Amino acid sequence: MKPDSDALLAIGMNGEPLPAEHGFPVRMVVPGLYGFVSATKWLVDAELTTFADFDAYWVKRDWARRALIKTMSRIDRPKAFEQVPAGRFVAAGVAWAQHKGIDKVEVRVDGGPWQATALSTEVNVDTWRMWRAELELPAGSHTLEVRATDRTGYTQTSERAEPIPDGAAGWHTIVFTARP
Ligand SMILES: Nc1nc2c(c(=O)[nH]1)N[C@H]1C(S)=C(S)[C@@H](COP(=O)(O)O)O[C@H]1N2
Ligand SMILES: [Mo]
């Protein structure tokens with residue numbers, strides 16, 4: 001209920017009624033909070049209460065009571081274990097830092113120097129941002145890593161965390177092969 005949370009009850013998506021799998025007829029969406037604490041689908045009723053007075057579904061299953069989405073980036077191309085032609089290759093993916101905004105996304109190949117990526121236009125600080133990087137790949141097996149920095153100046157930590165209790169952390173890493 002915070003005025004600046006931009007929380008909403010969503011009844012449509014892409015100009016159409018919500019698809020059943022995404023919560024038809026109505027769901028909650030709260031930018032900046034993970035789905036498991038905020039994005040109830042197939043909403044039928046709501047109870048006004050406080051964090052202290054109510055154990056939500058996932059809290060009873062050892063997930064965090066309040067969970068802010070962590071600044072994160074993801075590699076979508078190449079896919080894990082994909083074979084791509086050696087030489088010039090465009091890697092791509094998305095990054096997000098809700099309520100903060102993405103400042104930059106960097107990638108590195110085989111533990112080499114971090115290199116900047118090109119970012120798509122920012123719709124607003126809550127939406128995902130696409131990135132792309134042009135790589136020059138020698139033939140052989142490669143490891144690609146990605147990390148994002150948000151506008152508070154925070155760069156994603158390499159230290160891994162499991163999704164439970166309050167969201168995964170670490171650098172998304174893809175192993176793939178460039179064939180001659
Ligand atoms: N009713 C209901 N709503 C739910 C869940 C659920 O298990 N039941 N899972 C939540 C979680 S963990 C996430 S990540 C999002 C996923 O929403 P999506 O399927 O639209 O991507 O829904 C949330 N809303
Ligand atoms: Mo989730």
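All of the numbers you see were taken from the coordinates with simple rules; none came from a lab. Small disclaimer: the values here were computed from a predicted structure and weren't measured. Please note: Cβ atoms are built from the backbone with ideal geometry, for glycine as well, and neighbour counts cover all protein chains shown.
Please list the non-local residues whose amide H lies under 5 Å from the amide H of ASP103, H modeled 1.01 Å from N, same-chain partners needing a gap of 5 or more.
THR149, ASP150, ARG151
Quick one: which residues, 5 or more positions from LEU137 or on another chain, have an amide H under 5 Å from its amide H? H modelled 1.01 Å from N in the peptide plane, none for Pro or chain starts.
Placed amide hydrogens put GLY87, ARG88, PHE89 under 5 Å from LEU137.
Would you mind ranking ASP103, ASP6, ASP62, ASP55 so that the residue whose beta carbon has the fewest other beta carbons within 10 Å leads the list?
ASP62, ASP55, ASP6, ASP103
Can you list residues from other chains, or at least 5 along the same chain, whose modelled amide H is less than 5 Å from the amide H of VAL84?
Hits under the 5 Å cutoff: THR177, ALA178, ARG179.
Which distance in nm do the two modelled labels at ARG65 and PHE24 give, with both placed 7 Å along the Cα-to-Cβ direction?
3.7
Roughly speaking, what is the stretch gain from ARG88 to PHE54, that is 0.36 nm per residue apart minus the C-alpha to C-alpha distance, in nm to one decimal?
Length difference between fully extended and current span is 6.8 nm.
Can you list which of the chymotrypsin sites (Phe, Trp or Tyr not before Pro) found in the stretch 1-61 are DSSP loop residues with at most 15 other C-beta atoms within 10 Å? Mind dumping the intermediate values first?
Numbers: sites: TYR34, PHE36, TRP42, PHE51, PHE54, TYR57, TRP58; in loops: TYR34, TRP42, PHE51, PHE54, TYR57, TRP58.
Taking the stretch 1-61 and a limit of 15 other Cβ atoms within 10 Å, the loop chymotrypsin sites (Phe, Trp or Tyr not before Pro) found are TRP42, PHE51, PHE54, TYR57.
For the modelled label position 7 Å from the Cα of VAL123 along Cα-to-Cβ, which residues of the stretch 61-77 have backbone nitrogen atoms closer than 15 Å?
Answer for the stretch 61-77: none.
Take the alpha carbon atoms of the chain, find their radius of gyration, then divide it by 2.2 N^0.38 Å using N residues; give the quotient.
After normalising by residue count via 2.2 N^0.38 Å, the value is 1.21.
Viscosity 1.306 mPa s, temperature 10 °C: what is the translational diffusion coefficient of the stretch 1-93 from Stokes-Einstein with a Kirkwood Rh over Cα pairs, rounded to a whole number of µm²/s?
97
Using the beta-carbon distance between TRP42 and ALA139 and R0 = 41 Å, what value does 1/(1 + (r/R0)^6) give for FRET efficiency, to the nearest 0.05?
The formula returns an efficiency of 0.25 here.
Return, ordered by residue number, the residues of the stretch 24-43 whose backbone nitrogen is under 20 Å from a label point located 7 Å along Cα→Cβ of THR152.
From the stretch 24-43, the list is 30-38.
Using the Cα centre as the reference, give the magnitude of the dipole from point charges on the C-beta atoms of the chain (Lys, Arg: +1; Asp, Glu: -1; all else neutral), rounded to the nearest 20 debye.
Values: 21 positive and 23 negative charges, 73 e Å.
I would put it at about 360 debye.
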